[in-house]
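The values are calculated or read from the model by the stated rules, or taken from the named source; none is laboratory data. Everything numeric here is computed off the predicted structure, so don't read it as measured data. Neighbour counts are summed over all protein chains in view; Cβ atoms, including those assigned to glycine, are modelled from backbone coordinates with ideal geometry.
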Amino acid sequence: MAVLKRRNEGQDLPLQMRGLGEAARKAAATLALAATDAKNKALRAAASAIRARKQQILSANAKDMEEAKDLSAAMRDRLMLNDQRVEGMAAALEAVADLPDPIGAVMAEWERPNGLRIARVRVPLGVIGIIYESRPNVTADASALCLKSGNAAILRGGSESFHSSAAILDAMHDGLRAAGLPETSVQLVPTRAREAVGIMLSMSDFIDVIIPRGGRSLIERVVAESRIPVIKHLDGNCHVFVSGKADPEMARRVVFNSKMRRTGVCGAAETLLIAEGAAKTILPAIIEDLAKAGCEIRGDAATQKSDKRVVPATDADWDTEYLDAIIAVRVVKDVDEAIAHINRHGSHHTDSIVTADAQEAEKFLAQVDSGIVLHNASTQFADGGEFGMGAEIGISTGKLHARGPVGAEQLTSYKYVVRGSGQVRP
């Protein structure tokens, strides 16, 4: 894998990282001016390369899976690639290529009384440093979105996905070469050393934005140490609230999918809140569905009365992202108590209400302080691809610059372009 062979054992890591930064800054200047057709050609060629390199990618992933045999089942699921997931990466690149180019788009324009014509125009952020764990598909998604938005990327993938990420990046470089764009538009930090993360966080001369995607410990470290602005992806402590006015069958489907479709993704529901009015009529069936699927249910006293398989929940359970087949369940009085619980214990990621009452739904959607709020839909729709963004780098739980799924458009800033005819200010 060409990217990993670049490492010179005689070269110290800070100097090596500086080399990545210098190359990325130079590539960013080229990408900022790259034609839409060139960027799209690179993405489509990279998609073809991923398909052509499928066996190399799967072989690299098999190495990662072997080295990660002590990880939990949920974490191994995040790491694993198969034919379907490789095809999904390729299809995501093509979906990003099909999106409108955000660069150069006029966000607003107006004319002043003195004749000055002012436009607010989208521009790239520059060089984006992305630090992520486990999921190798992030390598393809992040590369595609940065390329589409005219940004260079320095990727520091998880140590678990080291071989997979390098194999995927080889395919991305095939695409860049086919379009005549610099390979250094996307670079992978070629070491598993944790020291590399600390160096990245200090590279303010070369990196404009850091995007961490991973567990709480990674995010907290990045926020604490970074000298560069951060678009943070905090953990996904997601909730489903089932109202007393919910359709029972819909509630069962939504809760089960939210929790069990994939337990190791950030959009998986970790807490079920259910109104008193539904606790007797709907909760037993929901618990039965989850228990049959092998999900451990931790509940408050009222929930424990519904089924002897429910184990007592502790205070810590309301604040926990399990990323596993475990769910915390609490019976609440009404939507107001559900909103209060979510705003206190949630991570501002994704929360859903199941109800047939439109007014109750609008109250929930307006008052829950999260990046994504849903009505009568699974929390597992928390995904840029499902939002029509082609792919995403992560779900931003902060409030500045970007919130919710971070796609190509969210990886841009803007500048003001002012056109005059000789005006001077009095």
Exercise for review: Identify the single condition in (1) closer than 22 Å to Leu323 by Cβ; (2) buried (at least 19 other Cβ atoms within 10 Å of the Cβ) that Arg221 does not satisfy, given that it satisfies every other one.
Suggested key: (2)
Check your understanding: In region 355-369, is there at least one residue being in contact with a strand residue (DSSP E or B) (Cβ under 7 Å, 6 or more places away or on another chain) and closer than 19 Å to Leu234 by Cβ?
Key -> yes
Practice item. Please work out which one of (1) in the same structural domain as Val86 (by TED's automatic domain parsing); (2) farther than 26 Å from Ala251 by Cβ; (3) not polar (S, T, N, Q) is the condition Gly388 fails and give its number. Key: (1)
**Study point:** Selection status of Gly404, out of contact with any Gly (no Cβ under 6 Å at 6 or more places or on another chain), surrounded by fewer than 23 Cβ atoms within 10 Å (Cβ to Cβ) and assigned by TED's automatic domain parsing to the domain that holds Leu147
**Key:** no
Exercise for review: Provide a single number: the residues in region 387-424 that are under 12 Å from the mean Cα position of the chain (by Cα) and acidic (Asp, Glu).
Suggested key: 1
Exercise for review: Mind listing whichever residues of region 373-419 are assigned to a strand (DSSP E or B), in contact with a Leu (Cβ under 9 Å, 6 or more places away or on another chain) and not hydrophobic (A, V, I, L, M, F, W, C)?
Suggested key: His375, Ser396, Thr412, Ser413, Arg419
Review point. In the set Met107, Met75, which member is assigned to a helix (DSSP H, G or I) and farther than 16 Å from Ala49 by Cβ?
Key: Met75
Exercise for review: With the condition kept exactly as written, say whether any residue in region 281-291 is free of Cβ contacts under 8 Å to residues at least 24 places away in the same chain, farther than 16 Å from His349 by Cβ and not aliphatic (A, V, I, L, M).
Suggested key: yes
Point to revise | Failed item, numbered, when Ser370 is tested on (1) assigned to a strand (DSSP E or B); (2) touching an Asp or Glu at 6+ places or on another chain (Cβ under 7 Å); (3) not acidic (Asp, Glu) | key: (1)
Review point. Would you pick out the residues in region 272-284 that are touching an Asp or Glu at 6+ places or on another chain (Cβ under 9 Å), surrounded by fewer than 22 Cβ atoms within 10 Å (Cβ to Cβ) and closer than 20 Å to Asn257 by Cα?
Key: Pro284
Point to revise | All strands (runs of 3 or more DSSP E) inside region 127-232 with 1 or more residues being under 20 Å from Ala46 (Cα atoms) | key: 127-132, 152-156, 186-188
Review point. For region 232-259, how many residues are over 21 Å from Asp319 (Cβ atoms) and either touching a Lys or Arg at 6+ places or on another chain (Cβ under 9 Å) or surrounded by fewer than 21 Cβ atoms within 10 Å (Cβ to Cβ) (or both)?
Key: 10
Point to revise | Among the candidates Ile118, Ile103, Ile50, residue that is in contact (Cβ under 8 Å) with a residue 60 or more places away in the chain, β-branched (Val, Ile, Thr) and out of contact with any strand residue (DSSP E or B) (no Cβ under 8 Å at 6 or more places or on another chain) | key: Ile50
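Residues are listed down the side, and each one gets a yes or a no for (1) crowded, with 18+ Cβ neighbours inside 10 Å; (2) in the same structural domain as Gly294 (by TED's automatic domain parsing); (3) closer than 26 Å to Ala196 by Cα; (4) under 21 Å from the mean Cα position of the chain (by Cα):
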| site | (1), (2), (3), (4) |
| --- | --- |
| Glu87 | no, no, no, yes |
| Pro100 | no, no, no, yes |
| Gly104 | no, no, no, no |
| Glu109 | no, no, no, no |
| Ile118 | no, no, no, no |
| Ile128 | yes, no, yes, yes |
| Pro136 | yes, no, yes, yes |
